[in-house]
2 protein chains.
Amino acid sequence: MKLTFIGSGNVAWHLAQAFEKTSHHSVAEVYSRSLTNAKKLTAKLYNATATNSLDFTQSKAEVFFIAVTDDALAHIAAEIRFPKDVIVLHTSGAQSVEVLDSIKNVKTGVFYPLQTFTKAKPVNFQTIPICIEVKDKLQEKLIEKLAFTICENVAFVNSYDRKVLHLAAVFACNFTNHLFAIANKILKKENLDFKILQPLIEETVKKAFSNTPEKSQTGPAARHDNKTIQVHLQLLENDTLIQSIYRNISDSIQNGHYVSMK
Amino acid sequence: MKLTFIGSGNVAWHLAQAFEKTSHHSVAEVYSRSLTNAKKLTAKLYNATATNSLDFTQSKAEVFFIAVTDDALAHIAAEIRFPKDVIVLHTSGAQSVEVLDSIKNVKTGVFYPLQTFTKAKPVNFQTIPICIEVKDKLQEKLIEKLAFTICENVAFVNSYDRKVLHLAAVFACNFTNHLFAIANKILKKENLDFKILQPLIEETVKKAFSNTPEKSQTGPAARHDNKTIQVHLQLLENDTLIQSIYRNISDSIQNGHYVSMK
């Protein structure tokens with residue numbers, strides 16, 4: 001199939017290259033507000049055109065991926081001039097499929113790869129879950145097939161569940177990474193190397209999946225070791241924000257981490 | 001060497017067995033308040049005696065490991081009757097070596113394996129950092145040698161640095177695990193499987209160590225995507241504690257995660 005990417009950020013960067021590597025697909029165009037950025041991506045592709053115009057009425061592409069920031073998504077989608085009868089997919093975890101409703105005469109859907117992307121780091125899509133959603137049932141098979149060409153782990157996930165999945169991923173990955181950053185800063189102050197924590201962190205992840213995270217919980221809060229908690233809060237007493245993260249998570253561990261959702 | 005373990009919890013459980021596996025050492029006694037618990041561990045050992053008495057004046061052990069909860073440590077240490085000239089080591093990350101000062105006529109120190117232990121899960125000590133501290137310089141070589149018999153990664157860490165290391169480990173592991181538990185609960189409500197997050201979590205850990213966690217930070221807070229942050233806070237609006245964890249960590253990410261320690 002012929003594909004076009006609106007956006008040249010981390011998601012477009014890896015998706016476009018992954019599709020071409022299958023040799024089932026080719027990328028027709030890459031759009032970015034900055035032509036320079038669009039060209040950086042087309043330089044990695046076989047025969048794609050870089051553009052900063054949103055007029056695609058002459059495009060030969062059959063599927064359009066809109067991979068832009070959530071804030072820009074609705075606005076940019078409304079500006080694009082599509083050819084007739086194409087499929088338009090956005091790649092956002094947090095946005096519903098309806099955000100594309102303003103586009104007429106196209107089929108819409110979502111193609112959300114559940115992974116954290118950085119341009120410099122190669123990605124193996126085979127193991128990444130791809131969550132898809134389509135508004136028109138007739139397109140389901142086609143989009144599913146498209147996803148299966150780059151990945152083994154394809155799931156139909158509706159807009160609400162995708163939002164929930166994205167929220168869970170923010171806790172398990174973005175916030176987890178920030179806790180690593182806090183740990184790193186704490187260690188740096190004493191010239192201790194963050195790498196000393198690597199075996200412990202890797203074991204924590206292994207345990208969470210071989211058992212459950214609830215059953216794997218250890219540490220001062222879990223064993224109600226208030227003496228140690230006080231020592232830690234004292235060490236952090238010059239940083240009220242980090243101290244309140246310490247208190248909140250400790251409280252939540254002791255409350256049996258009940259999550260009540262709307 | 002002959003070793004005795006005071007305590008039969010997770011740390012004693014794995015350390016005692018790891019030492020005997022080297023065939024350089026044998027465990028003489030295992031103490032627990034509960035004789036049943038002590039016997040569970042001695043059943044795993046060659047020729048160790050289970051006991052619930054703290055009178056070790058007749059013991060042939062040369063090194064005593066006190067592996068009990070931080071709250072009980074000072075109290076139990078003061079109650080034990082040791083043979084003369086033995087080495088007494090506690091295994092706590094958060095307690096200073098001075099907590100053993102009340103014990104007379106022995107050499108004291110700390111032997112802290114930086115890992116999360118669960119009885120049911122085997123442990124490979126080779127890759128686990130062991131942090132040691134001794135009050136008497138003359139004992140340094142001996143304790144270091146003892147540690148090297150089970151592990152390749154031995155570091156001399158003083159009491160303050162060990163406390164800092166333990167605090168960092170609480171953020172990077174105990175708190176991280178709790179974020180996994182929150183993610184799991186969020187997913188469970190919608191019958192989504194926590195395993196779907198495994199590739200994303202594993203990639204997050206890899207990136208944090210191949211780059212730095214600061215440079216790897218992604219997500220709505222990092223890109224100031226307030227639209228998504230509002231969607232997430234709304235999803236959590238029935239749970240003020242989890243909502244405040246979300247807010248605090250997001251604030252901390254946006255503040256450049258500065259940690260100021262006492």
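The values are calculated or read from the model by the stated rules, or taken from the named source; none is laboratory data. None of the values given here were measured: they were computed from a predicted structure. Every residue, glycine among them, receives a Cβ derived from its backbone with ideal geometry; neighbour counts consider all protein chains shown. Accessible surface is based on the protein model in full, side chains and every heavy atom, while ligands, DNA and RNA are left aside. Shrake-Rupley method; radii C 1.70, N 1.55, O 1.52, S 1.80 Å.
Here are a few things to note about the model shown:
- All positions within region A:35-61 that are part of a loop (DSSP other than H, G, I, E, B), charged (D, E, K, R) and in contact with a strand residue (DSSP E or B) (Cβ under 6 Å, 6 or more places away or on another chain): A:Lys60
- Condition met for B:Lys206 (at the interface with another protein chain (Cβ under 10 Å from one of its Cβ atoms), surrounded by fewer than 17 Cβ atoms within 10 Å (Cβ to Cβ) and not hydrophobic (A, V, I, L, M, F, W, C)): yes
- For region B:130-139, the condition holds for no residue, the condition being that it is within 8 Å of another protein chain (Cβ to nearest Cβ), open to solvent by 20 Å² or more (accessible area, probe 1.4 Å), part of a helix (DSSP H, G or I) and of a type in the set (S, T, N, Q).
- Filtered residues of region B:81-107 (kept if open to solvent by less than 10 Å² (accessible area, probe 1.4 Å) and over 27 Å from B:Ala169 (Cβ atoms)): B:Val86
- Scan of region B:40-80 for residues that are aromatic (Phe, Trp, Tyr) and open to solvent by 80 Å² or more (accessible area, probe 1.4 Å), ordered by number: B:Tyr46
- Among the candidates B:Asp85, B:Asp71, residue that is within 14 Å of chain A (Cβ to nearest Cβ), of a type in the set (D, E, K, R) and in contact with an Asp or Glu (Cβ under 9 Å, 6 or more places away or on another chain): B:Asp71
- A:Glu214 touching a residue at least 12 places away in the same chain (Cβ under 8 Å), facing chain B (nearest Cβ under 8 Å) and assigned to a helix (DSSP H, G or I): yes
- Residue match in region A:51-63 (condition: over 24 Å from B:Lys207 (Cα atoms) and within 18 Å of the chain's Cα centre (by Cα)): no
- Some residue of region B:163-186 being over 23 Å from A:Ser250 (Cα atoms), outside any loop (DSSP other than H, G, I, E, B) and not β-branched (Val, Ile, Thr): no
- Applying the set (1) assigned to a helix (DSSP H, G or I); (2) surrounded by 23 or more Cβ atoms within 10 Å (Cβ to Cβ); (3) facing chain A (nearest Cβ under 9 Å) to B:Leu146 leaves exactly one unmet item: (3).
- Failed criterion for B:Leu192 (all others in (1) outside any helix (DSSP H, G or I); (2) hydrophobic (A, V, I, L, M, F, W, C); (3) within 29 Å of the chain's Cα centre (by Cα); (4) over 30 Å from B:Leu3 (Cβ atoms) hold): (3)
- For region A:23-34, the criterion of being under 20 Å from A:Val88 (Cβ atoms), assigned to a helix (DSSP H, G or I) and open to solvent by less than 80 Å² (accessible area, probe 1.4 Å) is met by none of the residues.
- Meets criteria (more than 10 Å from chain A (Cβ to nearest Cβ) and crowded, with 22+ Cβ neighbours inside 10 Å) for B:Val110: yes
- Filter pass, A:Ser216 being among the small types (Gly, Ala, Ser) and either modelled with pLDDT of 95 or more or under 17 Å from B:Leu179 (Cβ atoms) (or both): yes
- Close contacts from region B:220-248, counting a first residue that is in contact (Cβ under 8 Å) with a residue 60 or more places away in the chain and a second that is in a loop (DSSP other than H, G, I, E, B), with Cβ to Cβ under 7 Å and a gap of 6+ residues or different chains, come to B:Ile242/A:Val259; B:Ile242/B:Leu236.
Here is a yes/no grid of residues against (1) touching a Gly at 6+ places or on another chain (Cβ under 6 Å); (2) at pLDDT 95 or above; (3) not polar (S, T, N, Q):
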| residue | (1), (2), (3) |
| --- | --- |
| B:Pro83 | no, yes, yes |
| B:Val88 | no, yes, yes |
| B:Gly93 | no, no, yes |
| B:Ser102 | no, no, no |
| B:Asn124 | no, no, no |
| B:Leu142 | no, no, yes |
| B:Cys151 | no, no, yes |
| B:Ala168 | no, yes, yes |
| B:Phe171 | no, yes, yes |
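- Within region B:1-19, the set of residues being assigned to a helix (DSSP H, G or I) and open to solvent by 10 Å² or more (accessible area, probe 1.4 Å) comprises B:Asn10, B:Val11, B:Trp13, B:His14, B:Gln17, B:Ala18.
- Filtered residues of region A:223-253 (kept if assigned to a loop (DSSP other than H, G, I, E, B) and either modelled with pLDDT of 95 or more or open to solvent by less than 40 Å² (accessible area, probe 1.4 Å) (or both)): A:Asp225, A:Leu236, A:Asp239
- Reported count of residues in region A:158-201, each being open to solvent by less than 10 Å² (accessible area, probe 1.4 Å), more than 7 Å from chain B (Cβ to nearest Cβ) and of a type outside the set (D, E, K, R), is 0.
- Residue check: B:Val88 meets all listed conditions (1) closer than 18 Å to B:Phe19 by Cα; (2) out of contact with any Leu (no Cβ under 7 Å at 6 or more places or on another chain) but one, namely (2).
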